[in-house]
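Visitor: First, the structure itself, so that you have it in front of you.
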Amino acid sequence: MRLRPHHLLCTQSYSGKGYDNAFVENMNRITAALRKNVLVPVEIVFSADDLCSCCPNMIDKSLCKDNKKVTSYDKKVTEYFHIEEKTYIYQDITREIRKKMTPEILEDICGDCEWYPVSACKTVLCKKN
Ligand code: SF4
Ligand code: SF4
């Protein structure tokens, strides 16, 4: 599975809402695979990924219409959590991210995301367990 850096956050906090049916169906399939009780390798890519592939915001096969905004999310995630373009075990890297996450960091990364006020991102990502 291929994920861009900030989708390491979105896939943890996704709660069933999305841009359209195709996006939600794909997101449901991907998050179900990631949330199974097995270790899942994910390849981090600094480009469009397996979530983008079914998103109506793609303006061609490789570019998000909000590219400037989403690459800023990606950049901040790589900087805060030292993410590189390589393969990680999803459960390990997301656990590390949650350990280091604070409300201030989350606000800085994705405070202007349209889902930030309406989704479970803050509750899920800032929870310490
Ligand atoms: S606020 Fe947006 S970018 Fe941030 S984790 Fe939630 S859905 Fe993803
Ligand atoms: S909004 Fe952009 S970055 Fe997010 S899933 Fe859609 S195409 Fe990918």
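Throughout, read-outs are computed from the coordinates displayed, never taken from laboratory work. Everything quoted here is computed from the prediction, not taken from an experiment. With ideal geometry, Cβ positions are generated from the backbone for all residues, glycine too; neighbour counts draw on all protein chains shown.
Visitor: 5 Å is the cut-off here: which amide hydrogens, built 1.01 Å from N in the peptide plane, fall below it relative to A48, excluding neighbours closer than 5 in sequence?
Guide: none
Visitor: So if I place +1 on the C-beta of Lys and Arg and -1 on the C-beta of Asp and Glu, and nothing else carries charge, what would the dipole magnitude of the chain be about its Cα centre? I want it in debye, nearest 20. Display every interim value, and only then the final one.
Guide: Details: 20 positive and 18 negative charges, 86 e Å.
The dipole of the chain has a size of about 420 debye.
Visitor: Moving to a separate point now. Can you give me the distance in nm between label points at T87 and L39, each placed 7 Å from the Cα along the Cα-to-Cβ direction?
Guide: 1.2
Visitor: Of the listed pairs K86/K128; K69/K128; K61/K100; K86/K127; K65/K99, which have alpha-carbon separations greater than 30 Å here?
Guide: Numbers: K86/K128 26 Å; K69/K128 28 Å; K61/K100 34 Å; K86/K127 26 Å; K65/K99 32 Å.
Check vs 30 Å cut-off fails for K61/K100; K65/K99.
Visitor: Rg (Å, one decimal) plus Dmax (Å, integer) for the alpha carbons of the chain?
Guide: That works out to 13.5, 40 Å for Rg and Dmax.
Visitor: Report the FRET efficiency, 1/(1 + (r/R0)^6), for K17 and I59, where r is their Cβ-Cβ distance and R0 is 25 Å, rounded to 0.05. If you can, show how the numbers build up before the last one.
Guide: Numbers: r = 22 Å, r/R0 = 0.89.
So, using R0 = 25 Å, E works out to roughly 0.65.
Visitor: Here's another thing I want to ask about it. Roughly what percent of Cα-Cα pairs across segment 25-67 reach past 14 Å?
Guide: Details: 489 of 903 pairs.
So the portion of pairs separated by more than 14 Å is 54 percent.
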